[in-house]
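Below: the structure, in structure tokens.
The values are calculated or read from the model by the stated rules, or taken from the named source; none is laboratory data. What you see is a predicted model; the values in this text were computed from it and never measured. Methodologically, a virtual Cβ is constructed for each residue, glycine included, from the backbone with ideal geometry; neighbour enumeration extends over all protein chains shown.
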Amino acid sequence: MNPRETVFLRAAAPLALAALICSGCSHKAAETDASAQPAEVTPTVQVASARRGTIEDRLGASGTLMAMRSREATLAPAVAGVLEALPVRVGQTVTAGQLIARLSNRTLLGQIDQAQAAVQQNQVQVQQAKVNALQQQASSRSAILQAQAALANAKATQGVAEATLIGDEAAVTNAQQTLARTQNLFGEGLVAQKDVEAAQAALRTASATADAQRQTIAAQRQTVEGQRRAVEAAQAASLQDVVKRQDIAVARQQVRSAQGALETSRAQLTLYTLRAPLAGQITAVGAAPGEAVDTTVKLATITNLDVLQLQMFITSEKARALHAGQTVSFQTDSLPGKTFQTVVQTVGSQVDATSGSIPVLATVANPGHLLKDDLYVKSQIVVDRHVGALLVPKSSVLDSADGSHTVVTVTADGTAHIQTVKTGLREGDDVEILSGLSASDRVITLGGYGLPDGTKVTVAKAEAQP
């Protein structure tokens, strides 16, 4: 039996029943007006035109919005101590670098003051060492110059004495020669004895003068040697310059050591202050000022809600149709009437042991922070989307037990025809028609059930909107 016969039989049954009910009164009607003929009844139906449009296949799923773990920070102290300040509260928005907590650090501040004083003291010692070195250098240079000048003067005096000795020795030689000539002349009787004696006296005088000059030169040589030793002593004393420069190096090293101690104390000071590593919202506070805390205490949790992660769990069978890039829309009871959209980011490859489902993840931009962490949502994932599909209202499609589908069309002359169609996607009140219908056809949306094929119908004036 074809679909048209099925529809015809469904329509004929109620008509036959109506005929039996009215048969008892037919004679009475004939007696009243034998000439009256029963008017033909034309069913009134509502129709809609098939249209082209977009239809989507959506997969519904529940999910949870969560803060991105990479955008969340839990702050705990790096050292044990007493919590001095915690100037934030749950729900407060903070910026990166903002003070979150401070531990008492009075002892450390005292150590920093001492370290600063030590740095300043050692810097003064460096300056004093420089002054001492300059003074020592000037003194050493002056002593060397003076010794060198005295040595030069002694050498000059020695030179003069040696030059004088040469003249004196020449005088001795001349006196010796004069004495020899005089003695020869005396032997020849040419000069008197007194002339010989005078020559002898002159020789003695010249020799005495030369001997005295030699003694002077010997003494001057000792003076020169003494001045040379004085120069060497002054030069040796200048080695103290090196010692003074070493004093400067030692003082500078002491400054560096003091600065290192100061920097260490300042670095430790940062351990007593906790600042926000990222901008976000305070979602938890775990202590109060005045409490003793250690490194295990979570003082505050900061969550950045600019981007959230939507986690959905889909059965492995349905997850086969999912892939990255598919559109996801979702709603939450906390924001009624608002719909948010994102896209699938990843589809898990392994079944979750707890839920037995595949995790599907998406990131959600949240610039106004309307959405909160750990928020339950109802989502729909667009699995398929057909653009330009032929669509008819769901009420116009008649589903048979054998899985076939029919619609009843109405021609321009008001004749109803049963059409077997192949359906595709269904969304809301729309059904996609893959074959058996064209865009120019009108389909009955109300009153078409049970109509025999070829029945004349009256179309209601207001067509139902598809």
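Key figures
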| read-out | value |
| --- | --- |
| Top-ranked residue in segment 155-199 [being polar (S, T, N, Q) and in contact (Cβ under 8 Å) with a residue 24 or more places away in the chain; ranked as nearest to GLN213 (Cα to Cα)] | THR164 |
| Flag if PRO367 is at pLDDT 90 or above and part of a loop (DSSP other than H, G, I, E, B) | no |
| Where a residue in segment 328-357 is surrounded by fewer than 14 Cβ atoms within 10 Å (Cβ to Cβ) and its partner, wherever it lies, is not in a strand (DSSP E or B), with Cβ under 7 Å and at least six apart | THR346/ALA324 |
| Test result for PRO359, in a loop (DSSP other than H, G, I, E, B), outside the structural domain of GLY454 (by TED's automatic domain parsing) and over 28 Å from VAL457 (Cβ atoms) | no |
| Answer from VAL231, VAL242 - the residue that is within 23 Å of LYS155 (Cα to Cα), of a type in the set (Val, Ile, Thr) and assigned to a helix (DSSP H, G or I) | VAL231 |
| When residues of segment 248-299 are limited to those that are part of a helix (DSSP H, G or I) and among the polar types (S, T, N, Q), the one modelled with the highest pLDDT | GLN253 |
| Segment 365-388 residues that are more than 23 Å from HIS323 (Cα to Cα), paired with ones that are of a type in the set (Gly, Ala, Ser) and in a loop (DSSP other than H, G, I, E, B) (beta carbon under 8 Å, 6 or more apart) | LYS372/SER334; LEU375/SER334 |
| Sole residue being small (Gly, Ala, Ser), at pLDDT below 95 and either within 30 Å of ILE314 (Cα to Cα) or buried (at least 17 other Cβ atoms within 10 Å of the Cβ) (or both), chosen from GLY403, GLY414 | GLY403 |
| Criterion: free of Cβ contacts under 8 Å to residues at least 12 places away in the same chain and not aliphatic (A, V, I, L, M) - qualifying residue of GLY454, GLY403, GLY424 | GLY403 |
| So VAL224, is it part of a helix (DSSP H, G or I) and either closer than 30 Å to ALA147 by Cβ or touching a Ser or Thr at 6+ places or on another chain (Cβ under 8 Å) (or both) | yes |
| ASP195 assigned by TED's automatic domain parsing to the domain that holds ALA129, acidic (Asp, Glu), in a helix (DSSP H, G or I) and more than 30 Å from LYS130 (Cα to Cα) | yes |
| Positions within segment 317-351 being more than 28 Å from the chain's Cα centre (by Cα) and of a type in the set (A, V, I, L, M), in sequence order | ALA319, ALA321, LEU322, VAL328, LEU335, VAL351 |
| ILE248 under 30 Å from PRO87 (Cβ atoms) and crowded, with 17+ Cβ neighbours inside 10 Å | no |
| Residue pairs meeting the criteria (Cβ under 7 Å; at least 6 apart or on separate chains; first within 9 Å of LEU165 (Cα to Cα), in segment 203-218; second β-branched (Val, Ile, Thr) and at pLDDT 90 or above) | ALA210/VAL172; GLN213/THR164 |
| Residue selected from segment 200-218 under the condition of a type in the set (A, V, I, L, M, F, W, C) and within 12 Å of THR173 (Cα to Cα), by the criterion surrounded by the fewest Cβ atoms within 10 Å (Cβ to Cβ) | ALA202 |
| Which listed residue, of GLN120, GLN137, GLN148, is touching a Ser or Thr at 6+ places or on another chain (Cβ under 9 Å), in a helix (DSSP H, G or I) and not aliphatic (A, V, I, L, M) | GLN137 |
| Among residues of segment 377-388, those that are out of contact with any Lys or Arg (no Cβ under 7 Å at 6 or more places or on another chain) and small (Gly, Ala, Ser), counted | 1 |
| Strands (runs of 3 or more DSSP E) contained entirely in segment 49-108, each with at least 2 residues that are under 30 Å from SER357 (Cα atoms) and at pLDDT 90 or above | 51-67, 72-75 |
| Whichever residue in segment 147-187 is within 14 Å of GLU225 (Cα to Cα) and among the polar types (S, T, N, Q) and, among such residues, is surrounded by the most Cβ atoms within 10 Å (Cβ to Cβ) | GLN158 |
